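None of the figures in this text is laboratory data; all of them are computed from the coordinates on show. The structure displayed is predicted, hence computed values, not measured ones. Note: ideal-geometry Cβ built from the backbone for every residue, glycine included; neighbour counts use all protein chains shown.
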Amino acid sequence: MFIFKHMANKLTISQVELYKLSIPLIEPFITSLGKDEYAHNVLVRISTAEGLIGFGECSPYMPINGESQETCLVVGKYLATALQGKNALNIEKCVQIMDEVIYANTSIKSAFDMALYDIASQHAGLPLYLFLGGEKSKTIITDYTVSIGEPEKMAADAVRIQNWGYPAIKVKLGKHGPDDVERIKAIRNAVGDTIPIRIDANQGWKIKEAIETLEALKAYNIQYCEEPIARWKFMKLKKVRKNSLIPIMADECCGDEHDAERLIELEACDMMNIKLGKSGGIYKARKMAAMAEAANIHLQVGAFLESRLAMTAFAHFALSNPMIQHFDFDTALMLSEDPIEGGIEYEQNGTIHVPDAIGLGASVKEEWLQG
């Protein structure tokens with residue numbers, strides 16, 4: 001743990017604390033990018049001189065945002081030093097300062113951003129979703145994900161998810177197109193024709209392979225496909241989209257507002273997946289959502305391996321824009337322990353209850369902040 005202290009005026013940042021949060025998964029989570037057995041996250045706790053405390057969390061993922069728990073702790077020290085004495089309510093300025101300190105590192109920046117929004121919404125006396133201009137005009141229902149593996153195992157996992165009552169099944173693919181078709185065939189045969197299936201190739205297909213695989217999968221009632229090709233091939237994503245009857249959702253190639261603007265101008269995708277760990281936090285994610293709304297592009301809010309703390313922030317953000325219609329908030333359920341007090345509640349059939357407590361409405365149990 002690193003602690004930074006600074007005597008400050010009203011609403012100024014007086015202390016920043018960084019903590020490791022490592023939790024084993026119930027079972028390995030496997031995608032085309034690799035296998036994860038632990039969530040190696042980082043917690044940020046920002047205090048102001050007046051006693052307001054904000055919490056943030058990130059789940060760095062080296063194959064996507066190029067960060068690890070260790071790099072987040074190192075970079076977090078630079079950010080904490082730069083933000084000492086700054087006005088915690090001036091989030092735009094704080095984000096600018098973090099970007100001036102270091103390029104990219106969007107995961108750890110998102111944790112700082114989240115903590116600042118927690119403080120700002122507490123100061124305003126509002127739940128975070130109301131502070132963001134949102135309302136509870138929609139029900140947040142998460143899907144649940146099937147890791148990539150042998151078709152029989154994936155089909156059995158899909159049946160279990162269906163029996164749990166989730167309204168949609170997300171399936172990880174991206175390991176050889178013809179094999180992926182067999183995986184989906186096995187799942188669809190097991191769960192029947194009615195439940196929606198969402199697929200995520202995690203950049204695993206080449207362009208021709210993606211077009212051929214999506215053509216072969218169109219008979220299996222696929223709701224949409226996330227990131228079919230390598231993210232640096234975004235100029236070719238429009239070609240995949242034009243040749244696919246399955247809608248294409250940009251994910252890894254859609255990091256921040258600049259990426260969103262580029263994809264919209266290219267007409268490269270039907271939908272976009274916003275993750276705070278890619279955007280750098282809520283501040284930039286709101287810009288992305290506004291762009292998508294202007295372009296009439298539907299959005300999903302997704303996650304890495306965050307706990308219910310960050311997942312609560314995602315849910316608040318998801319209530320802030322009408323174009324956010326898909327929710328991928330299942331990974332907190334994959335953790336073997338829950339270190340969070342308050343926050344969202346997972347109810348039946350994937351429904352998520354967002355708290356009306358002031359601010360984020362979630363904090364970390366004290367025993368997880370020791371040492």
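The label point for N90 and the one for L126, both projected 7 Å from the Cα toward the Cβ, are 2.1 nm apart.
Summarising the label geometry, the points placed 7 Å from Cα in the beta-carbon direction at E70 and D193 lie 5.3 nm from one another. Relative to the dominant Cα principal axis of the chain, helix 69-83 is inclined by about 40°. For the stretch 209-309, applying the loop criterion from DSSP together with a ceiling of 10 other beta carbons within 10 Å to the trypsin sites (Lys or Arg not before Pro) yields no site.
For a Förster distance of 25 Å, can you work out the FRET efficiency between the beta-carbons of A156 and E215, rounded to the nearest 0.05?
The formula returns an efficiency of 0.40 here.
The helix-based estimate of mean residue ellipticity at 222 nm for the chain, built from -39,500 (n - 2.57) per DSSP H run of four or more residues and divided by its residue count, is -11000 deg cm²/dmol to the nearest 500.
Here the stretch 130-367 is assigned +1 on the Cβ of each Lys and Arg and -1 on the Cβ of each Asp and Glu. Its dipole about the Cα centre then comes out at about 840 debye. Please determine, in degrees from 0 to 90 and to the nearest 10, the orientation of helix 207-217 with respect to the longest principal axis defined by the Cα atoms of the chain, where the helix direction is its Cα long axis. Once rounded, the angle reads 70 degrees. When the Cα positions of V364, N273, T31 are compared along the charge dipole of the chain, N273 comes out farthest toward the positive end, with charges on each C-beta of Lys, Arg, Asp and Glu. How large is the direction-averaged shadow of the alpha-carbon convex hull of the stretch 222-279, in nm²? Result: a mean projected hull area of 3.6 nm². The fewest-to-most ranking of S68, S110 by surrounding Cβ atoms within 10 Å reads S68, S110. Multiplying the residue separation of L333 and D270 by 0.36 nm and subtracting their alpha-carbon distance yields 19.8 nm. Altogether, the Stokes-Einstein calculation at 37 °C and 0.692 mPa s, with the Kirkwood radius of the stretch 130-367 over Cα pairs as Rh, returns a diffusion coefficient of 180 µm²/s. Excluding same-chain neighbours fewer than eight residues apart, the lysines reachable from K218 by a Cα-Cα span under 25 Å are K153, K170, K172, K175, K185, K206, K208, K233, K236, K238, K239, K242.
Out of the DSSP beta bridges found with both residues in the chain, what percent are antiparallel (nearest 5)?
Numbers: 33 of 57 bridges.
Of the beta bridges lying entirely in the chain, close to 60 percent run antiparallel.
Taking the dipole about the Cα centre of the stretch 45-145, with the C-beta of Lys and Arg at +1 and of Asp and Glu at -1, give me whichever of A49, L132, Y78 is farthest to the positive side. Selected residue: A49. Extents of the stretch 122-196, largest first, come to 53, 25, 16 Å (Cα atoms, principal axes, whole angstrom).
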